[in-house]
Amino acid sequence: MPKAVLVDLTKCIGCRSCMVACKQWNDLPAERQGFVNDWATPRDTTAETWTVVKYYIKDKDGRVVWRFIKRQCMHCVDPACVKACFSGALRKTPEGPVIQDPSRCIACLYCFNACPFHVPRYRTGGKGPVIMQKCRFCFDPGGTYDRVGQGQAPACVRACPGGALKFGERDALLKEAKDRIAQNPGRYVNQVYGESEFGGTSWLYLSDVPFEELGFPGAARPAMVSLLTWTPLAAGLWLAAREA
Ligand code: SF4
Ligand code: SF4
Ligand code: SF4
């Protein structure tokens, strides 16, 4: 069964332990960071930083609140990056993760342009060829960095002290996410981001602030679908009333 992670943004305390754990497990170096007018450093994922926690200050029910958003590859159910990669450097695994084979990467940027989340990043400095790098969901079959293939949770999930991250099977986590919404009226917006956005993703999110206010692409789509559904329905009702 495909694996997934459920991210409950109402539980994230913004500690960035997940970022440190990812670097430690994957032997990723620290990066020199110049001053940027942003709480998140680095501002976005890089070839050496596969996950970042973004900081948002929002107005919620008349109160100013902080919300912290962990970003990484979403490990899409039907990944656009894999379709775009003609050299076979990316593949979707039956276990859920979308993983890269750097030895096949020719740094054409096709995956970067295809990805709706702008995830793929390119290692350009130092020695060696330019290659694409991103979160591999701690799945490295036969390799040094494998966790998920060995039955362990990803390093970032293991490190999370706030209980914001939960690893498991996608179907079960999707059901749990919907149960949390149903059992906690008013706590969450009525949407599990990643259930269907861009064909569905292996990283699923719950939030109490609308996803479109937190930089999630395509988050407003359910409302558009609803509008598309209701417009013909309303037109039909109007025609029926006119005929009566
Ligand atoms: S988020 Fe982007 S890089 Fe990750 S699997 Fe989806 S399309 Fe590929
Ligand atoms: S799943 Fe693994 S590679 Fe991806 S962000 Fe978490 S620790 Fe890093
Ligand atoms: S470790 Fe957990 S609580 Fe801390 S920033 Fe990451 S997701 Fe949030």
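The values are calculated or read from the model by the stated rules, or taken from the named source; none is laboratory data. Since we're looking at a predicted model, the values are computed, not measured. We place every Cβ from the backbone using ideal geometry, glycine too, and count neighbours over all the protein chains shown. These area figures cover heavy atoms from the full protein model, side chains too; ligands, DNA and RNA do not enter into them. Shrake-Rupley method; radii C 1.70, N 1.55, O 1.52, S 1.80 Å.
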**Q.** Cut-off under 5 Å, modelled amide H: who pairs with residue 122 long-range
**A.** 47, 133
Q: With 29 Å as the limit, write out which pairs from 58/83; 3/23; 23/166; 134/166; 23/175; 23/60 have Cα-Cα distances beyond it, or answer none.
A: 58/83; 23/175; 23/60
Q: Work out the length of the dipole vector of the chain about its Cα centre, built from +1 on the beta-carbon of each Lys and Arg and -1 on the beta-carbon of each Asp and Glu, and round it to the nearest 20 debye.
A: 460
Q: Identify, among 131, 210, 34, the residue whose Cα sits farthest towards the positive end of the charge dipole of the range 1-218, taking +1 on the Cβ of Lys and Arg and -1 on the Cβ of Asp and Glu, with the dipole about the Cα centre.
A: 34
Q | Qualifying chymotrypsin sites (Phe, Trp or Tyr not before Pro) in the range 1-98, DSSP loop, other Cβ atoms within 10 Å at most 13 | A | 35, 86
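What whole-number value in Å² describes the accessible area per residue of the range 1-42 for a 1.4 Å probe?
Details: 2500 Å² over 42 residues.
Per residue, the range 1-42 has 60 Å² of solvent-accessible surface.
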**Q.** Sequence-distant residues sharing a close amide H with residue 206 (under 5 Å, placed H)
**A.** 7, 8, 9
Q: Filter the trypsin sites (Lys or Arg not before Pro) in the range 118-193 to those in DSSP coil with at most 15 other Cβ atoms within 10 Å of their Cβ, and list the result.
A: 127, 187
(Q) If you average the C-alpha positions of the range 102-119 and of the range 21-53 separately, how far apart do those two centres end up, in angstrom? (A) 19
(Q) For the range 1-218, I need the span (max minus min coordinate) of the C-alpha atoms along each principal axis, in Å, sorted largest to smallest. (A) 52, 43, 29
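I'd like the carbon and sulfur percentage of the solvent accessible area for the chain, probe radius 1.4 Å, heavy atoms only, ligands and nucleic acids excluded. Please list the in-between numbers first.
On the way: 7290 of 12960 Å².
Summing carbon and sulfur atoms, their accessible area is 56 percent of the total for the chain.
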Q. Dimensions of the range 60-146 along principal axes (Cα, Å, largest first)?
A. 52, 31, 27
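Assign unit charges at the C-beta atoms only (+1 for Lys and Arg, -1 for Asp and Glu), then state the dipole size of the range 15-92 relative to its Cα centre in Debye, rounded to the nearest 20.
On the way: 14 positive and 8 negative charges, 44 e Å.
In debye, rounded to 20, the range 15-92 gives about 220.
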